[in-house]
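Visitor: Submitted below is the structure of interest, expressed as structure tokens.
The values are calculated or read from the model by the stated rules, or taken from the named source; none is laboratory data. Quantities reported herein were computed from a predicted structural model and do not represent experimental measurements. Here the Cβ is made from the backbone with ideal geometry for all residues, glycine too, and neighbour counts use every protein chain on show.
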């Protein structure tokens, strides 16, 4: 009898373990990524994407906002409000890119701050404020690991690269500083990523999420123009505001960004590959 | 044929009854019409018509795979555990229906290091801090003074309010913020210029509990219905 019980127990154990393992486990999500070697340190990738951001923002500020204002186009921090017919100011353009990136599966964070921001809520405090003091001196990027959020973080100088940056901030009634000059470090972008190194694919994904973000916010601006009721609607196509009441389409805008920034980025990617 | 020892008959009957009851209970509680009995509490306002699956998506793999994977993880032959039954609900689930480009306080902004101190007081990096589900309410945080965590230094030039913002802040009247401004900025309404014309705090608290919307019903973006959400997923 005891022998039979032992046999039953053994049979049950074998059957149970067979039943449990017959389907195999849930595939590990990291299995494919693990095979690909990590080729870029997070700092390198954030420098690449920050460079793309510099080029994009400068193009938007100079060629769209600066020249557009001369054509009578309006840009406002409350551009999304129904009663305001305007486009996003450069800082809000960046905010839009950041929001779009967050909607993508890429875990990249992007923020803009300053020690004299127009919106007091964007003022640096704590570690960011200390590092920003260094950035103002040498304009070199600062890297650190944010222990609280467990994120690798980099800060890059945000320069007054266009006359429109200086004039808008100096004239803005909420601005706590009104003597900005061209070339000043007006603020810094802060970028965050959870991993210390990235594969080639992850790096391309980061750059793509930024590029997609710029197209996304630019398209939102063009959509907003479509809803203008009282203001003059610029013609959207291949021409730029410097030629008249025109705005480039999203494709034309992104093409120009690519032309301006792709060489540097490609060089990084190709050399490391 | 299969013989049962007469002394084991009661035991056998017990096993059969237990199995039938277990399968019956499992079947009953997994029916869509009985979801209300499984729910840990009443759905929040606006979510009353949602099915469980809207937030509680099935986890990857079948039940046996999940058990095997978690045992493997337990004995150290697997790097990560897996969700069991349903996937963990995250803020991304909320944003699938409530993604608003005009959000004044999008949760992602609070991951920036300068908010590290503020989020110790109120974790604004996730929706559930204020909107915990299954409470039959709209807002589940009890206080209305959370603006103080970030807006201590607020300066408003040409302040339109009869009692200016600086005075309100210096007096620590932090609950007055919500009397004019809805947190996410999704309502279209004229902000009052006199403190006496602002929304009473009691009306805001009622709204939090699921009462009438004191900011009005004119919203720029509305949350998706389950059908709209499904259509979005299919696309």
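For (1) modelled with pLDDT of 95 or more; (2) under 18 Å from the mean Cα position of the chain (by Cα); (3) under 21 Å from residue A:183 (Cβ atoms); (4) within 14 Å of chain B (Cβ to nearest Cβ), each residue gets a yes or a no:
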| position | (1), (2), (3), (4) |
| --- | --- |
| A:103 | no, yes, no, yes |
| A:126 | no, no, no, yes |
| A:130 | yes, no, no, yes |
| A:134 | yes, no, yes, no |
| A:150 | no, no, no, yes |
| A:165 | no, no, yes, no |
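Visitor: May I ask you to list the residues in the stretch A:105-117 that are more than 10 Å from chain B (Cβ to nearest Cβ) and within 22 Å of residue A:80 (Cα to Cα)?
Guide: A:117
Visitor: Hey, can you tell me all the residues within the stretch A:225-260 that are assigned to a helix (DSSP H, G or I) and over 21 Å from the mean Cα position of the chain (by Cα)? Step through it out loud before you land on a result.
Guide: Within the stretch A:225-260, the subset assigned to a helix (DSSP H, G or I) is A:225-226, A:241-243, A:250-260.
The answer is A:225, A:226, A:241, A:242, A:243.
Visitor: In the set B:89, B:75, which member is surrounded by fewer than 18 Cβ atoms within 10 Å (Cβ to Cβ), out of contact with any helix residue (DSSP H, G or I) (no Cβ under 9 Å at 6 or more places or on another chain) and in the same structural domain as residue B:179 (by TED's automatic domain parsing)?
Guide: Criteria check complete, one pass: B:75.
Visitor: With B:64, B:95, B:19 as the choices, which residue is surrounded by 17 or more Cβ atoms within 10 Å (Cβ to Cβ) and either more than 22 Å from the chain's Cα centre (by Cα) or assigned to a helix (DSSP H, G or I) (or both)?
Guide: Result: B:95 is the single residue among B:64, B:95, B:19 that is surrounded by 17 or more Cβ atoms within 10 Å (Cβ to Cβ) and either more than 22 Å from the chain's Cα centre (by Cα) or assigned to a helix (DSSP H, G or I) (or both).
Visitor: Give just the number: which of (1) facing another protein chain (nearest Cβ under 10 Å); (2) at pLDDT below 75; (3) surrounded by 11 or more Cβ atoms within 10 Å (Cβ to Cβ) does residue A:36 not satisfy?
Guide: (1)
Visitor: If a residue counts only when it is more than 13 Å from every other protein chain (Cβ to nearest Cβ), which helices (runs of 4 or more DSSP H) contained entirely in the stretch B:111-186 have at least 3 such residues?
Guide: B:165-170, B:176-180
Visitor: Just name the residue that is farthest from the chain's Cα centre (by Cα) out of those in the stretch A:66-95 that are assigned to a helix (DSSP H, G or I) and crowded, with 22+ Cβ neighbours inside 10 Å.
Guide: For the stretch A:66-95, the residue satisfying everything is A:68.
Visitor: Within the stretch A:101-110, does at least one residue satisfy the condition of being over 16 Å from residue B:108 (Cα atoms) and surrounded by 17 or more Cβ atoms within 10 Å (Cβ to Cβ)?
Guide: No, because not a single residue in the stretch A:101-110 is over 16 Å from residue B:108 (Cα atoms) and surrounded by 17 or more Cβ atoms within 10 Å (Cβ to Cβ).
Visitor: Right, residue A:179: in contact (Cβ under 8 Å) with a residue 60 or more places away in the chain, surrounded by fewer than 19 Cβ atoms within 10 Å (Cβ to Cβ) and more than 12 Å from chain B (Cβ to nearest Cβ) or not?
Guide: For residue A:179, the condition - in contact (Cβ under 8 Å) with a residue 60 or more places away in the chain, surrounded by fewer than 19 Cβ atoms within 10 Å (Cβ to Cβ) and more than 12 Å from chain B (Cβ to nearest Cβ) - is not met.
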